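Inspection log for the structure reproduced underneath, given as structure tokens.
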Amino acid sequence: MKLASLKHGRDGRLVVVSRDLARAVPASGIAPTLQLALDDWDNIAPQLEELAVELEAGTADGSFAFDPTRCTAPLPRAFQWADGSAYVNHVALVRKARGAELPDSCWHDPLMYQGGSDGFLGPCDPVSLADEAWGLDFEAEIAVVTDDVPQGVDDREAAAAIRLVMLVNDLSLRNLIPDELAKGFGFFQSKPASAFSPVAVTPDELGDAWDGRKLCLPLLSHLNGVLFGKPEAGEDMTFDFPRLVMHAAKTRTLAAGTIVGSGTVSNRDSDGGPGRPVAEGGLGYSCIAEQRVVEALTHGEARTPFLTAGDRVTIEMLDGDGHTIFGAINQEIARIGRKSP
């Protein structure tokens, strides 16, 4: 089952989307919003699945052509957005960029930050940038949406709580991060609103690519129409999604609709190195910062600039037949003037 939210008020209007993302049908008679569906998932999900079957059969009343540009994030706002950093290769590279050591704990205890969740960007919404000196970067990730999760869940319970999977562009302002982290309180200004894929899918839609713990397909990122990264999301993931959910729920309960992110998908090279750009035969990167670190190591300086006005970032995942699964996050960077304090 594939679900999306059309732009409508603060929380969108829930629609069921066909597997090929060609058509959609309103779910308002079942649940007007995705959050309301998640609040009563055991009762609501079977009704949504029946509607999805009707849509595939061409018998659903009120179906229409699906247009991602009309979408907000599947959850336009969420009670909680907890983003992990499950790919330790990424952690090592971005820390190297700012001259920070990688603690040994990163290999056995996930990093996680709590991001702003009061408003997300839609998949085709522009990214507003007030100052290019802030170093805007995209970060291609995968996220899961949970049901209610009790505090202290075990691995099996955490896996069973995963309801939906989607893609994320977890934007970062790289040049604001060092000073902010130096204060010892974590990210805030350096993490603007994240964007999510047009649709969120139930794990069963992913077939063999979903093993209950990881999504084992390449995650594709394009910058200005050129392939930037195609890392394998199922490789080099030190902490799988149940482990991330367990970490988030160690000291608190998680409300239905909590989003837990994987962190930037990142692979090491076959020789154990940090990875190579696509242009050099590698799998590339899911963010600009990683490529800049590799450039500095190889050439003595970073050569790839961070995002500027007019740039376009696309993030997508294809199934084994080359069909888009979640639709594409497709965003242009838009320069805005700073507001006076």
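Bear in mind these aren't lab numbers, they're just calculated from the coordinates by the rules spelled out. Computed from a predicted model, the values in this text were never measured in an experiment. When we count neighbours, we look across all protein chains shown, and the Cβ atoms used for this are built from the backbone with ideal geometry, even at glycine.
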Checklist entry - Over the range 104-194, what relative contact order in percent results from Cα pairs under 8 Å that are six or more residues apart? => result 33 percent
Checklist entry - Taking the radius of gyration and the Kirkwood hydrodynamic radius from Cα positions alone, what is the Rg/Rh ratio for the chain, to two decimal places? => result 0.96
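If Lys and Arg each add +1 and Asp and Glu each add -1, what is the summed charge of the other residues whose beta carbon sits under 15 Å from the beta carbon of T33?
Within the 15 Å Cβ shell, the charges total +2.
Strictly greater than 16 Å: what percent of every Cα pair in the range 37-130 meets that?
Value for the range 37-130: 75 percent of Cα pairs lie more than 16 Å apart.
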Next on the checklist: List the residues, sorted by chain then number, that are 5 or more residues from F66 or on another chain and whose placed amide H is less than 5 Å from its amide H.
Outcome noted: R23, A24
Next on the checklist: Can you tell me the orientation of helix 288-299 relative to the chain, as the angle in degrees between its alpha-carbon axis and the longest Cα principal axis, to the nearest 10?
Outcome noted: 30 degrees
Checklist outcome for this item: For the chain, the count of lysine pairs 8 or more apart or interchain whose alpha-carbon atoms are under 23 Å apart comes to 8
Next on the checklist: Can you compute the equivalent ellipsoid semi-axes for the range 117-231, i.e. the square root of 5 times each eigenvalue of the Cα gyration tensor, sorted largest first and rounded to whole Å?
Outcome noted: 28, 20, 13
Checklist outcome for this item: Between E132 and E101, Cβ-based FRET efficiency (R0 35 Å, step 0.05) works out to 0.75
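What does the net charge come to around S194 if you take all other residues with beta carbon closer than 10 Å to its beta carbon, with K and R at +1 and D and E at -1? Please report the intermediate quantities before stating the final value.
Details: positive: K191; negative: D83, E139, E141, D170.
Once positives and negatives cancel, what remains is -3.
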Next on the checklist: Can you bin every Cα-Cα distance in the range 241-290 into 5 Å intervals starting at zero and give me the percent of pairs per bin, rounded to whole numbers?
Outcome noted: 5, 17, 20, 13, 11, 12, 11, 8, 3, 0
Next on the checklist: Around W210, under 13 Å between beta carbons, what's the net of Lys plus Arg minus Asp minus Glu among the other residues?
Outcome noted: -3
Checklist entry - Given H placed on each backbone N at 1.01 Å, which residues far from R335 in sequence or on other chains put an amide H within less than 5 Å of it? => result L129, G310
Item to check | For C216, residues with placed amide H under 5 Å, excluding near neighbours | outcome: W210, D211
Checklist outcome for this item: Cα convex hull volume per residue for the range 226-341, in Å³, equals 213 Å³
